[in-house]
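K.L.:
So that we are looking at the same thing, I have put the structure below in structure tokens.
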Amino acid sequence: MKPTGATVPPDERAAAAADTSRSVPPPPDSSSPARTRTVIAMVGNPNCGKTTLFNALTGLRQKVGNYPGVTVERKEGTLNTAAGPITLIDLPGLYSLTPHSPDERIARDVLLGYRADTPRPDAIVNVVDASNLERNLYLTSQLLDLGIPVLVVLTMNDTAALHGMRVDADALQEALGVPVRAVQAAKRRGLPDLIETLAEVPSQAPPPARTWTLPPTAEREIEEMAGLLQEHDGLSPTAAFTEAALLLGLPDGSPLQQEALRRWSPTVREHIRTDLDAFAAEGIDLSTLITEARYTDVGRLVARALRQEAAVPVTLSDKLDRVFLHRFWGYVIFLVLMATLFQTMFTWASYPADLIAGAVDAAGQWIAARMPEGDLRDLVVNGAVAGVGNTVVFLPQILLLFLFISLLEDTGYLARAAFLMDRLMSRVGLHGKSFIPLLSSYACAIPGVMATRTIESSRARLLTILVAPLMSCSARIPVYAVMIGAFIPATLVFGVQLGGLKLGLTLQALTLFSMYALGTVAAFGMAALFNRTLLKGDGPTFLMEMPPYRLPSLRTVVLTMFERAWLFVKRAGTVILALSIVLWFLSTYPKQPAGTPPSEQMRQSYAGLAGRTLEPFIRPLGFDWKMGIGIISSFAAREVFVTAMGTIYSVSEDAAEDEEKLSVALGEKMKADVNPTTGRPTFTPLVAISLMVFYVLAMQCISTVAVVKRETNGWKWPLFQIAYMTGLAWFTSFLVYQGGRLLGFG
Amino acid sequence: MKRSTPNTSSAADCPATAAQCTLDCLGKGQKARVCQVEGPNRCRLMELGFTSGTEVEISRRAAFGGPLEVRLRSYRLSLRCEEASSIRVETGSPEFT
Ligand SMILES: Nc1nc2c(ncn2[C@@H]2O[C@H](COP(=O)(O)OP(=O)(O)OP(=O)(O)O)[C@@H](O)[C@H]2O)c(=O)[nH]1
Ligand SMILES: [Mg+2]
């Protein structure tokens, strides 16, 4: 036996592109030392209900959604059973043990023990979608060969019934030789029985010997390879068989095969080369034989366990898709949905936003009236309350955005959108599946970048990562909302006015929509550019399973919405609060001699100094040093811009008018600001638009930079991204501002 | 894949007389049987169920030459025309006409 780690291939790290850990795989059959708890992995095809079951068993609330590829990371939880606690691992979905995308690779690496940071599981819970039995059992057929105890859990039995099918769990159990349980996790049906079985599974015998067979020559080849792997790489007999079958099942000459071969010793590599060539000469392709043998075996299982109880009906999903995927109406509906999102975000959200703004003002005044005048009062009122309040005001808009995205995710419409958009996306080198990361980036680029792990083509994936931060994220909403609210009139572009109620598109909503459109167009434009110049190469693959439509559970939707909102509030209460206080200090000190006007005091402060240093660079865009302070502080998080402006304008206010002015919203203060030298307003609608354009396009988010670095394994791409986005933002704002001035605006 | 892969096992399902074409040539609603898969995605397509003899039906084609939606083994998969063109199918048998 070779010592542990002797077979570590040097390039394994590069291969595990999406892997967050340094993966230094031990030999696949090494049993991990000092294991304290039993570890069970949840494995299954994408979108078969693994996370729903994981959540039901562990009480956690990991993200669930009705499209393939929701889970892209390994997640751990604890299940308490009569036999003690068990560690459950939820994995990304995978179609087979031959990974074609980074998320599948993560799941495969855990299962085969290629990851150093995760012990190889003691048992597998194979989640099987009963409405899609045949393809799900293909993976089961591979899992049974791993030599680890397997428990099969049937989900989606209700969906199967809608198709007139039923899977007989007992018959399947008998045919497979491993326990099979049916559950409906969301309703907690079948869970007690499942937990009882789960506790016993790790101590059970591994699954019975395989039932799929190959022609004798191919059989001999697998045995031979397995023998070599045992001899030269120190694998156990079962592990050697699994690896041999996987290795021979890879298409000859593919990068996947090269990667797999690097894992084993040179003898194995040379041997397989000669053998595969010999087979090829006879016109035999082993990978075809193995896949077909498994599917033949699956056919036998399906015949025993699947009961077709009624003629296949035309399901509701089919009927809905005649409309939603219609060659004409499908696109119309798509555009209407997107337009509705922006309209509601601006019109509906303004009512609760006004209420919150009122409450923040009231709180500020209440405190101001009760504290003695001085620096401490200024700090609390101008620093903390104004800073946090200015961000929390945007909670309603963010809630609405999250509600909308969560509805799209849970109904299954996202996959439809990917189908409709694929043609357009492929024009610029992206992918239908890029639609999901890009749409999530409207909420936040971080989950967006993570979601690219489901894209099979590494080039399309990199392109998606590069342009995802251009999609207008929710942290930009505060900037837009303040600017639009203050400088863009609410005139009706089209629609009707009923008293105070405006039905239709207002200029404000249209401006907001334009900002989102700009970000989106920029993302596509830059993707097209990079596709032509930087990243030439393989044509991307697009294979996507279409999930059935599901009624979103109100509970899940509301809970996810509030969970995300809570994160936002927490951020406002911690990071933003801290930054507000720091900003207040930087703009209050060094103190000028008594009698200096507040605006001059602001100018001379540390923050003012920083802003004035930046001013020459942003002057051509129409920005002054105060906006410079905002832009600098935005590098921590974009919404800090609003906080910064709030602090700057509160601090530089005349002390005498303090209390009345406090109640005036930030927008009003910005409107009232006049440039002391020219006597003209600092902010004009043109400046506001130029500023918003800058915020759409600039890379101003440290967390996104960190995630991009992790997902692309290095500094090259995140640095490139910062450079191109900042350049793009500067030039576009320059064009907008100077062009606007030439045309006589502002 | 650089090499073409003559597929002995599918010979029985693919009589030389049957009308053969690639999957992307079929129209909406047409059914066929898979003969052979080639190209860089052969492995994945086969794992997804496109093994020889499998019955497939085109359930939808997106506008502007966009992806196709195929129904096979009681699920729905969308794929681009490029990928579909690497799947050879046979439409000749009487049940499909
Ligand atoms: N009708 C029905 N829907 C279910 C059942 N179990 C899960 N779902 C729904 O199926 C969808 C997918 O569930 P997930 O738990 O996210 O699936 P997953 O296997 O974790 O998916 P990935 O992480 O993408 O691989 C969600 O919309 C669930 O609400 C079930 O038993 N019946
Ligand atoms: Mg999941």
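The values are calculated or read from the model by the stated rules, or taken from the named source; none is laboratory data. These numbers were taken from a predicted model, which means no experiment stands behind them. Cβ placement follows ideal geometry from the backbone for every residue including glycine, while neighbour counts extend to all protein chains displayed. Note: areas computed on protein heavy atoms with side chains; ligands, DNA, RNA excluded. Shrake-Rupley method; radii C 1.70, N 1.55, O 1.52, S 1.80 Å.
K.L.:
Please list the equivalent ellipsoid semi-axes of segment B:28-96, computed as the square roots of five times the alpha-carbon gyration tensor eigenvalues, in descending order and whole angstrom. Write out the running numbers ahead of the final one.
P.N.:
On the way: eigenvalues 55, 49, 24 Å².
Listed largest to smallest, the semi-axes of segment B:28-96 are 17, 16, 11 Å.
K.L.:
Roll a 1.4 Å probe over the protein chains and send me the accessible area per residue for segment B:28-96 in Å².
P.N.:
Per-residue value: 32 Å².
K.L.:
For segment A:675-735 and segment A:184-248, what is the separation of their C-alpha centers, rounded to whole Å?
P.N.:
Between the Cα centres of segment A:675-735 and segment A:184-248 lies a distance of 52 Å.
K.L.:
Sticking with this one: Leaving ligands and nucleic acids out of the surface, order A:T533, A:T315 by accessible area at 1.4 Å, largest first. Can you show the working numbers first?
P.N.:
Numbers: A:T533 85, A:T315 20 Å².
The most accessible residue leads, giving A:T533, A:T315.
K.L.:
Please report, in whole Å, how far the alpha carbons of segment A:10-203 spread along each principal axis, starting with the longest.
P.N.:
Taking max minus min along each principal axis of the Cα atoms, segment A:10-203 gives 51, 35, 33 Å.
K.L.:
Would you tell me the mean number of C-beta atoms belonging to other protein chains that fall within 10 Å of each C-beta in A:415-421, as a whole number? Walk me through the numbers on the way to the answer.
P.N.:
Values: counts 2, 1, 0, 2, 7, 5, 3.
Per residue, the number of nearby Cβ atoms from other chains is 3 on average.
K.L.:
In terms of solvent-accessible area of protein heavy atoms at a 1.4 angstrom probe, what is the ranking of A:K75, A:K669, A:K63, A:K716, highest value first? Walk me through the intermediate numbers first.
P.N.:
Numbers: A:K75 60, A:K669 25, A:K63 80, A:K716 140 Å².
So the residues, ranked largest to smallest area, are A:K716, A:K63, A:K75, A:K669.
K.L.:
With Kirkwood's inverse mean 1/r over C-alpha pairs for Rh, give me the Rg to Rh ratio of chain A, two decimals please.
P.N.:
With Rh from the inverse mean 1/r over Cα pairs, Rg/Rh is 1.03.
K.L.:
Counting only protein heavy atoms, probe 1.4 Å: which residues of segment A:142-169 lose 10 Å² or more of accessible surface in the full assembly compared with their chain by itself?
P.N.:
Residues of segment A:142-169 that lose at least 10 Å² of accessible area once the other chains are added: A:M165.
K.L.:
Based on the inverse mean of 1/r over its pairs of different Cα atoms, what is the Kirkwood hydrodynamic radius of segment A:516-571, in Å?
P.N.:
15.8 Å
K.L.:
Moving on. Taking Cα pairs under 8 Å and at least six residues apart, what relative contact order does segment A:216-308 come out at, in percent?
P.N.:
That works out to 26 percent.
K.L.:
Within 13 Å, Cβ to Cβ, of A:D624, how many net charges do the neighbouring residues add up to if Lys/Arg are +1 and Asp/Glu are -1?
P.N.:
Value of the local net charge: +3.
K.L.:
Could you quote the convex hull projected area for segment A:177-258, Cα atoms only and averaged over all directions, in nm²?
P.N.:
8.5 nm²
K.L.:
If you don't mind, another one. Find out how many positive minus negative residues lie around A:M450, taking Lys and Arg as positive, Asp and Glu as negative, among other residues whose Cβ is under 10 Å from that of A:M450.
P.N.:
Spelling it out: positives minus negatives among the neighbours equals -1.
K.L.:
What percent does the relative contact order of chain A come to when contacts are Cα pairs within less than 8 Å and at least six residues apart?
P.N.:
Computed value for chain A: 12 percent relative contact order.
K.L.:
In whole Å, how far is the Cα centre of segment A:584-649 from that of segment B:28-97?
P.N.:
61 Å
K.L.:
What 222 nm value per residue comes from the helices of chain A, counting each DSSP H run with n ≥ 4 as -39,500 (n - 2.57) and dividing by all residues, nearest 500 deg cm²/dmol?
P.N.:
Taking each H run of at least 4 residues, the total per residue is -18000 deg cm²/dmol.
K.L.:
Using the Cα centre as the reference, give the magnitude of the dipole from point charges on the C-beta atoms of segment B:28-96 (Lys, Arg: +1; Asp, Glu: -1; all else neutral), rounded to the nearest 20 debye. Before the final figure, lay out each step's value.
P.N.:
On the way: 12 positive and 9 negative charges, 40 e Å.
With Lys and Arg at +1 and Asp and Glu at -1, about 200 debye.
K.L.:
Please quote Rg/Rh for segment A:557-622 to two decimal places, taking the Kirkwood radius as Rh and restricting both calculations to Cα atoms.
P.N.:
Using only Cα positions, Rg/Rh for segment A:557-622 is 1.23.
K.L.:
Right, here's the next one. In Å², what does the accessible area per residue of chain A work out to with a 1.4 Å probe?
P.N.:
Solvent-accessible surface per residue comes out at 40 Å².
K.L.:
Related question: For chain A, which whole percent of the accessible surface, found with a 1.4 angstrom probe, sits on carbon and sulfur atoms?
P.N.:
63 percent
K.L.:
Sticking with this one: Would you mind working out the magnitude of the charge dipole of the protein assembly as shown relative to its Cα centre, with +1 at each Lys and Arg C-beta and -1 at each Asp and Glu C-beta, to the nearest 20 Debye?
P.N.:
1520 debye
K.L.:
Where in chain A are the DSSP H helices whose C-alpha atoms run 27 Å or more along the long axis and whose mean Kyte hydropathy is at least 1.6?
P.N.:
None clear 27 Å together with a mean of 1.6.
K.L.:
So, how do all the Cα-to-Cα distances of segment A:574-742 break down into 5 Å bins, in percent, from 0 on up?
P.N.:
1, 8, 15, 20, 19, 15, 10, 6, 3, 1, 0, 0
K.L.:
Let me ask you something else. Out of all Cα-Cα pairs in segment A:216-308, roughly what percent, to the nearest whole number, are more than 20 Å apart? Intermediate results must be reported in sequence, preceding the final value.
P.N.:
Values: 1660 of 4278 pairs.
Of all Cα-Cα pairs in segment A:216-308, 39 percent lie more than 20 Å apart.
K.L.:
Just need the relative contact order of segment A:574-742 here, percent rounded to a whole number, with Cα pairs under 8 Å and 6+ apart.
P.N.:
Normalised by residue count, the contact order of segment A:574-742 is 21 percent.
K.L.:
Right, something else. Starting from the residue with the highest accessible area, list A:C444, A:C48 in decreasing order, probe 1.4 Å.
P.N.:
Solvent-accessible surface, decreasing: A:C444, A:C48.
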